[in-house]
Each structure stands twice: as structure tokens, then as C-alpha cells.
Amino acid sequence: MKIFAVSKPVTGATPEKIMAMAKEEVSAGWKLYANGKFREMYFRKDGMGAIIVLECADEAEAKGLLAALPLVKAGLAEYDIYPALPFTHFELLFAK
């Protein structure tokens, strides 16, 4: 299942606190990418976090993976998650 996760800093998270953990966070992200769980990663244009496309069995697995990330564990970031299903409405083009 594809899941979109959008991170955001929590109240009190400063750029300095986040950057102090950047290498640890990126390392954790790399491991999840190498294991096929993180499929795509992007920065948010507003500079307030990241957008990650995950491939997981279900929403619970995604929540567990994200909860284990260093910034989340340190209380500096949290994620909104959006499970996605395949778009199936192309059939409307061919309906009689």
C-alpha cells in the first residue's frame, strides 16, 4: 500500500535543533529507502519538513516506521499520513 507522509515541526522545534540531528535523520531515511519502505522523498517547498512516499503493508506499519525516526523520537517532528489507493476512475471515460 502506498502511503504519503507529510512531516511538520512541532512547537518548539528550531532549525538549530533539527539541523543538529540532520545526519542521524538522513541516515535513518537512507536505511528505509534501501529496504524499499521509503520509495520517494521530497522537501516541502515551504521549508517546513518533508514529504515521503512509503510502501507498507498497512497504515500501522507506516506509523511505526515514522515513529522510529530520530526527529520524531526526539519530539521535534510529527507526520500526517495519507494512505492511498489506485485511481480507478478511468473507466468513466469508456462508460456507455
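No lab work stands behind these numbers, since they all come straight from the coordinates. If you're wondering where the values come from, they're calculated on a predicted model, not measured in any experiment. Don't worry about glycine lacking a Cβ; one is built from the backbone with ideal geometry, like all the others, and counts go over all protein chains shown.
In region 1-67, Cα pairs under 8 Å separated by at least six residues give a relative contact order of 46 percent. Peptide packing: for 73-81, 23-31, 42-50, the average count of neighbouring Cβ atoms within 10 Å per residue gives the ranking 73-81, 23-31, 42-50, highest mean first.
What shape does the chain take by its C-alpha gyration tensor, where a ≥ b ≥ c are the square roots of the eigenvalues and a/c under 1.5 counts as rounded, a/b above b/c as prolate, and the rest as oblate? Cα axes put the chain in the prolate bin. About its Cα centre, region 49-96 has a charge dipole of approximately 80 debye under the convention of +1 per Lys or Arg Cβ and -1 per Asp or Glu Cβ, with nothing else charged. Only the Cβ atoms of Lys and Arg (+1) and of Asp and Glu (-1) were treated as charged; on that basis the dipole of the chain about its Cα centre amounts to roughly 140 debye.
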